[in-house]
Amino acid sequence: MILIILRTAYFLVCAGAIAGYIFPAEIGDLQGIDPATISSQDPREETRPDFILDHPTVSFFLLLGITQLATVLDVVVRRKRIDLISATYFGLLIGVLLAYLSGQAITLVIPPSSNYRGVIFLLLLLVLPYLCVSLLLQTRDDFRFVIPFVEFVKDVKGGRPLVVDSSSLIDGRIMDVVETQIIESQLIVPDFILAEIQDIADSSDKNRRTRGRRGLEVLARLQQCPHVDIRIHETQKGEFRSMSVDQKLVEVAKQLRAGVITNDFNLNKVASVQDIVVINLNDVANALRPQFLPGDRLTIQIMREGEAPGQGVGYLEDGTMVVCENAAAMIGRNVTAIVTRVLQSSAGRMIFAKPVHSVRTDERASSH
């Protein structure tokens, strides 16, 4: 709405200024002033280009069309965000200053006696202030006006904001991390991530529907949590057309100079390659898990057979998978095993072990 008012006002100002430049006699007649007096007193009558004097109507629409090219450019570049008052003030100030300096510069190229000098300066005075205001309207989160001891910048809690993806919301552990109050940055949920979770929640598949609803519940809890500042980030329709959700997320993080919170292994790699700070919830969880070294003992319940013959698979309380050799026949039983090796990655952790009795048998065989 604000931009519609700005564009309308810009069009009317341009039309009025150009009409006053091209039709001084007609404007004076509307105001009850003798046209002959205007013609004798107005130096523009002599300095206006011959084309304007010969074709005033065509010149009016031509100059008006040139000024509205700035509006077309503004519509094509759709990202528009900044405080209205500061954008208008600084935009007009810088725009008029640039127009004045440009007008002084063109005197080196166009002599003062040229008929085109006035029209060029008029276009500069109309177009540059508008472009400056529009530029600032579109760069609220990226642009800072710094004056000695005064900085106009949005007050954001914490440091670099963090963009949240759907996998971390569906996973739910982000809520536990936030409640520890170790995250002071603002959390940002793009609108397309919210739409993705809603689509999952509306899925006909029961498991996907349950995961989507859990993601929405976690988001609602985050919005009610007093320990974190979270907001929904709206993107322009068509801004990320033909991009995947991961690509959109990376682009938003770049635009906002933000990091990413995820537990998606592929997104972690894609964002890291593009120098975006990534907080992987799997890495956080792995860092807080008790460490097992080769030779340590643990007790697990064998849940199913493994991929290799003779392997049994169980899980620790934190969900870590334990692959136990020679335990395929012990499904449903608790087994005390000795850790043989541990594999750690951003995708998770996997422990390989052998039952204690199997280790003893191997030791006896080797001693003989």
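Do you know which of the residues in the range 86-135 that are in contact (Cβ under 8 Å) with a residue 24 or more places away in the chain and part of a loop (DSSP other than H, G, I, E, B) is surrounded by the fewest Cβ atoms within 10 Å (Cβ to Cβ)? Across the range 86-135, the extreme among qualifying residues is Tyr116.
A quick yes/no check of all residues on (1) modelled with pLDDT of 90 or more; (2) in contact with a strand residue (DSSP E or B) (Cβ under 6 Å, 6 or more places away or on another chain); (3) within 12 Å of Val342 (Cβ to Cβ):
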| residue | (1), (2), (3) |
| --- | --- |
| Gln291 | no, no, yes |
| Pro294 | no, yes, yes |
| Arg297 | no, yes, no |
| Gly306 | no, yes, no |
| Val313 | yes, yes, no |
| Asp318 | no, no, no |
| Val322 | yes, yes, yes |
| Met330 | no, yes, no |
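Given the structure, is Thr235 touching a residue at least 12 places away in the same chain (Cβ under 8 Å), over 27 Å from Gly319 (Cα atoms), not in a helix (DSSP H, G or I) and not aromatic (Phe, Trp, Tyr)? It is true that Thr235 is touching a residue at least 12 places away in the same chain (Cβ under 8 Å), over 27 Å from Gly319 (Cα atoms), not in a helix (DSSP H, G or I) and not aromatic (Phe, Trp, Tyr).
So in the range 251-266, with the set limited to residues that are buried (at least 21 other Cβ atoms within 10 Å of the Cβ) and touching a strand residue (DSSP E or B) at 6+ places or on another chain (Cβ under 8 Å), which one is nearest to Gln344 (Cα to Cα)? So the residue we want is Asn263.
Being within 43 Å of the chain's Cα centre (by Cα) and of a type outside the set (Ser, Thr, Tyr) is the requirement here; does Asp264 meet it? Answer is yes for this residue.
Ala220 - would you say it is part of a helix (DSSP H, G or I) and more than 27 Å from the chain's Cα centre (by Cα)? In short, no.
Scanning the range 178-189 for residues that are over 21 Å from the mean Cα position of the chain (by Cα) and surrounded by 18 or more Cβ atoms within 10 Å (Cβ to Cβ) yields a count of 1.
Only one entry of Asp202, Asp275, Asp176, Asp171 meets the criterion of being of a type outside the set (S, T, N, Q) and touching a residue at least 12 places away in the same chain (Cβ under 8 Å), and that entry is Asp171.
The values are calculated or read from the model by the stated rules, or taken from the named source; none is laboratory data. All figures in this text were calculated on a predicted structure; none of them were measured in a lab. We place every Cβ from the backbone using ideal geometry, glycine too, and count neighbours over all the protein chains shown.
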